[in-house]
Amino acid sequence: MVRTIEWRADRVRMIDQRLLPAAEVVRVYHDYRQISRAIKEMVIRGAPAIGVAAAMGAALGIRGYHGRRALARFAAVSAALKATRPTAVNLSWALARMERVLSENVGLDAERLFRRMRAEALSICREDIAANRALGRHGASLLGDRVTVMTHCNAGALATAGYGTALGVVRAAREAGKTVRVIVGETRPFLQGSRLTAWEMRKERIAVTIIADGAAGYVLKRGGVDCVIVGADRIAANGDVANKIGTYSLALLARHHGVPFYVAAPFSSVDFSCPGGERIPIEERPAAELTRLGARPSAPHGAAVYNPAFDVTPAELVTAVITERGVAYPPFARSLAALAEALPPLPPTQHS
Ligand code: MRU
């Protein structure tokens, strides 16, 4: 399985997702500022993956500090990491977890405090893979033996610590002996669908067909798509889902054509402090993503550009939310809250 992000010899290594599939280049970082820039510039992207990156960045950021100076330092480090990408709740969720560990261990000397923070970041990373495998199994049980899944963007191993969410369901279905075919929209403008999802699927010899984003309606109308499965950057308490721009259009098309629309996400993507989708901050990306194709201009100089990176799919268009704790069905306010209460015991945190 592709290594999206890895901690090795107190350096953070990430595959540079801007260059895939043309080149597999691993970047190595030793400083939280470098990691902030990597998140902002999308060397690493995908909600759970940037949560892991932020946690590792926070551990590096407080190295050499202890006591009250560590708390002050963490505040600055965390603010810088949080400011990178506002929509994915996993980023602030991971930093909140790091902050709790810091405040519980602030009395340790600097080296032991760093090791404790490093252990927490590594737990977040490991737990994400375990959550994806579990939600993958839940999701696979919803699929038939021969199935065509339409997806959007990349909610795969590259978007997580590993295995993936929407593509985790695809992987689990395959592991369960099912025959799965994937259809993915290019996902303009960053092309996560054609560059990253197709790359992951090809690596594992899972059949994948790329379509232009605008072809989704035609393909759904022709028939043969059994379900749509997407990831999520944030799920509000009422089940509204923020995900890659274009997800909302796909959900409307799926509803119109009677195709189930599933959202696969770890429980860390559910934001109970956010009652509904209108409260989810939507990141706007630079205009150049829409006006240039590589070095070439693809739009006339001076044209106004609006480039929201995410949209919000209302809960009423979502058939089910697939999580590692189980599958939530409408009404989501009730079913997500029930899954939150039925807490499985947390895996033991490992200390070094
Ligand atoms: O802008 P990106 O590439 O970070 O957006 C990613 C998505 O929208 C994914 O679908 C989402 O983060 C879920 S990833 C498991």
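The values are calculated or read from the model by the stated rules, or taken from the named source; none is laboratory data. The model shown is predicted, which means the values in this text are computed figures rather than measured ones. Reconstructed Cβ throughout: ideal geometry from the backbone, glycine too, with neighbour counts over all protein chains shown. Protein only, heavy atoms only, side chains kept; ligands, DNA and RNA dropped before computing areas. Shrake-Rupley method; radii C 1.70, N 1.55, O 1.52, S 1.80 Å.
Quick notes
- Criterion: at positive phi, assigned by TED's automatic domain parsing to the domain that holds A328, at pLDDT 95 or above and out of contact with any helix residue (DSSP H, G or I) (no Cβ under 8 Å at 6 or more places or on another chain) - qualifying residue of G294, G246, G258: G258
- Count of residues meeting criterion [open to solvent by less than 10 Å² (accessible area, probe 1.4 Å), in a helix (DSSP H, G or I) and of a type in the set (A, V, I, L, M)] in region 132-158: 4
- Among the numbered conditions (1) away from the ligand (no atom under 16 Å from the Cβ); (2) farther than 20 Å from L336 by Cα, the only one that N238 does not meet is (2).
- Yes/no for S249 being within 15 Å of the chain's Cα centre (by Cα) and either assigned to a helix (DSSP H, G or I) or small (G, A, S) (or both): no
- Residues within region 1-57 that are at negative phi, free of Cβ contacts under 8 Å to residues at least 24 places away in the same chain and in a loop (DSSP other than H, G, I, E, B), tallied: 6
- Of the residues making up region 117-160, just one is touching a Ser or Thr at 6+ places or on another chain (Cβ under 6 Å), away from the ligand (no atom under 12 Å from the Cβ) and farther than 30 Å from F74 by Cβ, namely R146.
- Of the set (1) free of Cβ contacts under 8 Å to residues at least 40 places away in the same chain; (2) of a type in the set (V, I, T); (3) open to solvent by 10 Å² or more (accessible area, probe 1.4 Å), all apply to V101 but (3).
- Residues of region 252-287 that are closer than 22 Å to L135 by Cα, within 12 Å of the ligand (Cβ to nearest atom) and outside any helix (DSSP H, G or I): V263, A264, A265, P266.
- Meets criteria (hydrophobic (A, V, I, L, M, F, W, C), assigned by TED's automatic domain parsing to the domain that holds G51 and within 14 Å of the ligand (Cβ to nearest atom)) for V169: no
- Applying the criterion of being of a type in the set (K, R) and in a helix (DSSP H, G or I) to the residues of region 63-86, the residue that is least open to solvent (accessible area, probe 1.4 Å) is R73.
- Of all the listed residues (V43, V89), the sole one being open to solvent by 10 Å² or more (accessible area, probe 1.4 Å) and under 22 Å from Y163 (Cβ atoms) is V89.
- Matching option when the condition is assigned to a loop (DSSP other than H, G, I, E, B) and farther than 28 Å from A251 by Cβ, among A299, A303: A303
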